[in-house]
Amino acid sequence: MASRVTIHIGTPKSGTTYVQGVLFANKDRLAEHGVLLPAGTANEHALAAIGMRNGPEDTYASRWEALLAEVAAWDGPAIISNEWFGMAGPERTAEAIERLQGIGELHVVLTARDLVDQVPAAWQETLKLGDSTQIDAFVDKLEVPDFRWGWWDIDPAEVLSRWAPHVPAERLHVVTIPPRGAPSDVLWHRFAEACAIDAGWCSTEVTFARQSLSVEGARLLQLAGPRLLDAIDATPPHWNGPRKWIQSHLSHGMLLRHRGGRITMSLDKIDAVRERSVRSIETIEASGCTVHGDLADLTSSRLPEGATHPDDVADSVVLDLAIDVIAEQLGRARKVANRAQVQAKVQPPDAPGPKSAGRAMPLRRALGRARRAVRGD
């Protein structure tokens, strides 16, 4: 039976990828110190979170059960981490807490970020899945209860409100994200403190993939969103289609390499979001939970120098970026075609010499058979 179970529940876009990168890069080191990081990868925790959130009938419910079983069999502290746990509704949250408390002393860790920074980061995540909502309209949609990204998911006070009724205040931990420009390991030290582990047990020299798009890249995705969904036949939308092609292939695989300006909202939206941050801080303070860092970090953001509203990105700039992406995509397609031809033991069709025609015959015969099969010959 685990002596202590720490579950890190988000919020999304609050340093979770960095924290999970450090955790899983140091899985063996943690085990040497008696700390279990169950399952093999961060993705396993994500799938377990889906199973926990959706209940026993869900496809991934078995992942949640397997994770719980591994923690229950461990003699010592264990850490679970995924921001999708914080998306669970009150009923599923209460069920999860009851089961985790039956395994060991439960501690809940919530990483929190200044909402003025977090909202644009959340907006661009919707673009990576083919959405085309304008950023200020996105802020308004955060009030909609059933919206995939809402205050219920982003606002740390909202998320904490679903866990606080079932967990003693001293076992609730809020880790604040340090202001922009702070050393990256500051967040790790705060998180390690919340988990009651020595930060020095883990190396923070891990490869961390930047996930934030430039304002130019975000604008391109915003304009192209509906066409991108059509191109991958994502109707009705399925979460894995957009995630694989728009997010992984186009956004992370190509657009992230194009540096540019930062994203900002209109001034009235910035003021409204900052007011929300102030109210959130008041709620966190009143909860009596343990804060690792400084709650002032949650209202530290100011309009970044050189930041641009996506609506103000010139069409010519978007066009230049689109041309770069098209050229890169053509080059990738060419490499894929060349590899396929090599595997088929034929030379590229534009290779010189009479031998190419003879060597291409097996491929031509295969194509001919395929055409005849389609025609029903």
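The values are calculated or read from the model by the stated rules, or taken from the named source; none is laboratory data. This structure is a prediction, so every number in the text was calculated from the model and none was measured. Here the Cβ positions follow ideal geometry from the backbone for every residue, glycine too, while neighbour counts run over all protein chains shown.
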Before we move on, is Ser287 surrounded by 12 or more Cβ atoms within 10 Å (Cβ to Cβ) and at pLDDT below 90? no
Residue under question is Asp320, and the condition is that it be touching a His at 6+ places or on another chain (Cβ under 8 Å), at pLDDT 90 or above and not in a loop (DSSP other than H, G, I, E, B); does it hold? no
Kindly establish whether Ala42 is under 22 Å from the mean Cα position of the chain (by Cα), in the same structural domain as Ala196 (by TED's automatic domain parsing) and aliphatic (A, V, I, L, M). yes
List the residue pairs whose Cβ atoms are under 6 Å apart, where the first residue sits in the range 142-153 and is aromatic (Phe, Trp, Tyr), the second is part of a helix (DSSP H, G or I) and at pLDDT 90 or above, and the two are 6 or more positions apart or on different chains. Phe147/Lys141; Trp149/Ala122; Trp151/Glu158; Trp152/Glu158
Could you check Thr126 against (1) in a helix (DSSP H, G or I); (2) touching a residue at least 40 places away in the same chain (Cβ under 8 Å); (3) hydroxyl-bearing (Ser, Thr, Tyr) and say which number it fails? (2)
When you scan the range 75-83, do you find a residue that is surrounded by fewer than 20 Cβ atoms within 10 Å (Cβ to Cβ), among the charged types (D, E, K, R), assigned by TED's automatic domain parsing to the domain that holds Val19 and part of a helix (DSSP H, G or I), even just one? no
Hits in the range 18-74 (condition: exposed (fewer than 15 other Cβ atoms within 10 Å of the Cβ), small (Gly, Ala, Ser) and on the phi < 0 side of the Ramachandran plot): Ala31, Gly40, Ser62, Ala69, Ala73
Note on the range 139-192: residues closer than 17 Å to Met87 by Cβ and polar (S, T, N, Q) are Ser161
Tally the residues that are part of a loop (DSSP other than H, G, I, E, B), surrounded by 19 or more Cβ atoms within 10 Å (Cβ to Cβ) and among the aromatic types (Phe, Trp, Tyr), restricting the search to the range 143-177. 1
